[in-house]
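Novice: Below you'll find the structure I mean.
What follows draws every value from the coordinates through simple rules; no lab data is involved. Predicted model only: the values in this text are computed from it and were never measured. Backbone-built Cβ (ideal geometry, glycine too); neighbour counts: all protein chains shown.
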Amino acid sequence: MRQERTLAKQLPCLVGEEVCLKGRVVSIREVGTVRFVDLVDRSGRTQLLLGDACPTPALQSLLNCYGVVKTSSKSLSGYEIHCHKVLVIAAPGIGESYNPEEINSPLKEGGPSLENQLDRKHLSLRSSAQQSITRISSEVIHAAGSFLRSRDFVEIKTPKLVSAGAEGGSGMFEVKYFDKLMYLSQSPQLFKQTMAASPLERVFEIAPVFRFEKHATSRHLNEFTGVDVEFAYPDGLEAVIQMEIDLLYAIREHLLQNCSSELEYLGAKLPNLDNIPMLSLDEAKELLTGEKPSRRKPAKELTPAEEKHLCQWARETYGSDAIVVHSYPAATRPFYLMPYEDNPRRSMSFDLLLRGVEMSSGGIRVHDPDVLEFNLKRKGLETSDFGFYPEVFQYGCPPHGGFGIGLERLVQKFLGFENIREACLFVRDRQRLAP
Ligand code: AMO
């Protein structure tokens, strides 16, 4: 008897042959005296026709099935297995029959809440929807890596235990590190800049980012995955923005080509990224309020409601699901951003908003040690607190820029989810540490 495992996708080449399929029972149907079972493995679904000697398995049990491959006009794949032997390898053994599709049922009134579903994520992730989301996240990472490599970027991994933060606004989780106090990294900012100053020039990292923020919103997590990109010699802020737009296009294209069945299953319509409008923060505020910001009353950061309005405007006016807002106040943006020469109150920074939410931030960085010292002082920070980092500039650093995208926000907005938690495999927020 053939013991080597055959996958669902290999069946077309094996008609008439004896095979061994291994997988999970997702449905059982009895038509008169004939019993049909649907078995899934990582490559797809197969219909089994159980012979008289085979036991009827429980839903969600894991089987090794032995039988002959036949063509079948009645099965979805066009093939089925006529089984003469079935071994139950494992089965739900706690007396409770369960269905991952129900645990993961679409969020609707009267159904299980998102929190209930997340409590059982270790089981709901066996559902078709969760498999689709996980596969799409993985393909986003794959597409980002392929695109960036094609533009000469080198993938790096940087420490997540750090002694200083970079992002000012958000706090850091403390970690007892032998007899010292360290922090969980809130971004690879300082390291990616250090690498852009090296002869490699272009680097990216896809890795965990930790934020000590007491938010409980539909767009914040305390641990998320950062897609961080940094490169030397950009041709101005526009070139950094364009690099991000090219990256997003490449991701979108890759998903359309490689994940069509998952997108269809989720009913997801990918965002339109053509014709993305770009406004300075001042222009954006004027559009929102009808008032021109002045030196006396400079524009402040956008509120979440304003971000939503701007996206709506971009959609209605340009048919685009994204908008870029640039030139934020130097006072509210981190110290590593370059101020404009002719207007030092403004930083060479941008956010890309997608379907109502900020999905990334970036800009041109300070590469001059004197400007860095000035920026740090202006924010009440000490150069000496940043260890090796000032030396990167004191020893000569090229002009450089980059951006950081939150992977879960990207997946959330690409798939049109209300809540970032729907796009995260194992959520870490203020309340949730398990599963
Ligand atoms: P920023 O702090 O804006 O910039 O973060 C970059 C992107 O990361 C995502 N993000 C989050 N996602 C989920 N939960 C959170 N709490 C959260 N905070 C941020 C967002 C955001 O746009 N070093 C800079 C990037 C750069 O300039 O290169 C930075 O970290 O999608």
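Novice: So which lysines pass the test for K176, namely a Cα distance under 29 Å, with those fewer than 8 places away in the same chain ruled out?
Specialist: Partners within reach: K157, K160, K192, K214, K377, K379.
Novice: List the residues, sorted by chain then number, that are 5 or more residues from F212 or on another chain and whose placed amide H is less than 5 Å from its amide H.
Specialist: G171, M172, F173
Novice: Kindly point out which whole DSSP H helices in the chain project their C-alpha atoms 24 angstrom or further along the helix axis while averaging a Kyte-Doolittle hydropathy of -1.0 or above.
Specialist: Flagged H segments are 128-150, 236-258.
Novice: I've got another one for you. Multiplying the sequence separation of E391 and E341 by 0.36 nm and subtracting their Cα-Cα distance, what value in nm do you get?
Specialist: Working it through step by step, the gained length comes to 15.7 nm.
Novice: Take the Cα radius of gyration of the stretch 7-92 and divide it by 2.2 N^0.38 Å, with N its residue count; two decimals is plenty.
Specialist: Rg over 2.2 N^0.38 Å, computed on Cα atoms: 0.96.
Novice: Taking H as built 1.01 Å from N, whose amide H comes closer than 5 Å to the amide H of R346, not counting residues under 5 places away?
Specialist: Counting only residues 5 or more places away or on other chains, the set is A330, Y340.
Novice: Evaluate the charge dipole of the chain about its Cα centre and quote only its size in Debye, nearest 20, assuming +1 on the Cβ of each Lys and Arg and -1 on the Cβ of each Asp and Glu.
Specialist: Values: 52 positive and 57 negative charges, 196 e Å.
The dipole magnitude comes to about 940 debye.
Novice: Something else about it: So if we plug the beta-carbon distance of E286 and E101 into 1/(1 + (r/R0)^6) with R0 = 35 Å, what FRET efficiency do we get, rounded to 0.05?
Specialist: Here the calculated transfer efficiency is 0.10.
Novice: Out of all DSSP beta bridges with both ends in the chain, state the antiparallel percent to the nearest 5.
Specialist: 85
Novice: Kindly write out, for the stretch 214-227 in residue order, the coupling ³J(HN,Hα) from the Karplus curve 6.51 cos²θ - 1.76 cosθ + 1.60 (θ = phi - 60°), rounded to whole Hz, with x marking Gly and Pro.
Specialist: 3J(HN,Hα) across the stretch 214-227, in whole Hz: 8, 5, 10, 10, 7, 10, 10, 10, 8, 10, 9, 9, x, 9.
Novice: Would you kindly calculate the translational diffusion coefficient of the stretch 259-395, applying Stokes-Einstein with the Kirkwood radius from alpha carbon pairs, for 20 °C and a viscosity of 1.002 mPa s, and quote it in µm² s⁻¹ without decimals?
Specialist: 127
Novice: Going by the alpha-carbon gyration tensor, a ≥ b ≥ c the square roots of its eigenvalues, is the stretch 219-261 rounded (a/c under 1.5) or, if a/c is not under 1.5, prolate (a/b greater than b/c) versus oblate?
Specialist: oblate
Novice: A further question on this structure: Less than 10 Å Cβ to Cβ from I133, Lys/Arg counted +1 and Asp/Glu -1: what total charge do the surrounding residues give?
Specialist: Every neighbour counted, the sum reads -1.
Novice: For the stretch 192-274, rounded, prolate or oblate, judged on the Cα gyration tensor with a ≥ b ≥ c (square roots of eigenvalues), a/c < 1.5 rounded, else prolate if a/b > b/c?
Specialist: Oblate is the answer for the stretch 192-274, as a/c is 1.5 or above yet b/c matches or exceeds a/b.
Novice: Compute the whole-percent fraction of alpha carbon pairs in the stretch 149-291 spaced more than 18 Å apart. Could you put the intermediate results ahead of the total?
Specialist: Values: 7177 of 10153 pairs.
Summing the P(r) of the stretch 149-291 above 18 Å gives 71 percent of all pairs.
Novice: Using only the alpha-carbon atoms of the stretch 62-149, report the extent along each of the three principal axes, biggest first, to the nearest angstrom.
Specialist: Taking the Cα atoms of the stretch 62-149, the three principal extents are 45, 44, 26 Å.
Novice: Given the -39500 (n - 2.57) contribution per DSSP H run of 4+ residues, what per-residue ellipticity at 222 nm results for the chain, rounded to the nearest 500 deg cm²/dmol?
Specialist: -8500 deg cm²/dmol
Novice: Extension gain R428-H142, at 0.36 nm per residue separation less the Cα-Cα distance, in nm?
Specialist: Details: separation 286, 0.36 × 286 = 102.96 nm, distance 2.32 nm.
Gain on extension, R428 to H142, equals 100.6 nm.
Novice: On the principal axes of its Cα set, how long, how wide and how thick is the chain? Give whole Å, largest value first.
Specialist: 84, 54, 40 Å, listed from the longest principal axis down.
Novice: Want the number for D368 to S163: 0.36 nm per residue separation, take away the alpha-carbon distance, what's left?
Specialist: Length gained between D368 and S163: 71.5 nm.
Novice: Something else now. For the stretch 8-108, what number of Lys pairs, 8 or more residues apart or on separate chains, have alpha-carbon atoms under 27 Å from each other?
Specialist: Qualifying lysine pairs in the stretch 8-108: 9.
Novice: So what is the diffusion coefficient of the stretch 345-394 in µm² per second by Stokes-Einstein at 25 °C and 0.890 mPa s, using a Kirkwood Rh over Cα pairs?
Specialist: Details: Rh = 12.7 Å.
D, rounded to a whole number, is 193 µm²/s.
Novice: To continue, here is another question. Could you give the nm distance between label points at E418 and S261, where each point is 7 Å from its Cα heading toward the beta carbon?
Specialist: Inter-label distance under the simple model: 3.0 nm.
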